[in-house]
Structures are given as C-alpha cells and as structure tokens.
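Coordinate-derived values only; no laboratory data. Small disclaimer: the values here were computed from a predicted structure and weren't measured. Note: ideal-geometry Cβ built from the backbone for every residue, glycine included; neighbour counts use all protein chains shown.
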Amino acid sequence: MMSPTFTALVTTSGPTMKPLHDGPFSSVVTGASGGIGAACVRLFAAEGAKMLIHYHRGEERAAALAAEIG
C-alpha cells in the first residue's frame, strides 16, 4: 500500500499541508469542479503539485479552476 503524499493538519489558523517527501509530485482530484474538490486542488497546487482536474458536469468551473491555478 502506498503512503499518502500529504498529511492534512488542522490548526486554529486553518488547515495546512505537510509534505511527506521533498520531490515533485502529482495529484488527481475527482469532483474538482465542486466546492470541496476545488479547495483540495487549490491546496495541492499551492504546494507545487501538478494537477489532474476531474469533473462530471462542471466543465466551465473546472476550466476556470485550471486557469486560476495556472
């Protein structure tokens, strides 16, 4: 079983991400055009992940999210 790339830490100042390795990484988020999925994409992208954004019916929201994270 593979270990997760990140461990989510919840603090009084909000969630932060703690990397478990120093190298480049990728992340796949299903349902990324919705609220929780989009938040995950933003969080992983802010940590330097190359993202694959999945959507079912939210093509415009997914495209906007992709443009937002670059």
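Annotation note: Cβ proximity below 8 Å between a residue of the range 23-38 that is on the phi < 0 side of the Ramachandran plot and a residue that is part of a loop (DSSP other than H, G, I, E, B) and among the aromatic types (Phe, Trp, Tyr) (sequence gap 6+ or interchain) occurs for 32/55; 33/55. Being touching a residue at least 24 places away in the same chain (Cβ under 8 Å), more than 15 Å from residue 24 (Cα to Cα) and among the aliphatic types (A, V, I, L, M) is the filter; apply it to the range 44-70 and report the residue that is surrounded by the fewest Cβ atoms within 10 Å (Cβ to Cβ). So, considering only residues that are touching a residue at least 24 places away in the same chain (Cβ under 8 Å), more than 15 Å from residue 24 (Cα to Cα) and among the aliphatic types (A, V, I, L, M), the one surrounded by the fewest Cβ atoms within 10 Å (Cβ to Cβ) is 69.
So, in the range 37-70, exactly how many residues are assigned to a helix (DSSP H, G or I) and charged (D, E, K, R)? Residues in the range 37-70 being assigned to a helix (DSSP H, G or I) and charged (D, E, K, R): 5 in total.
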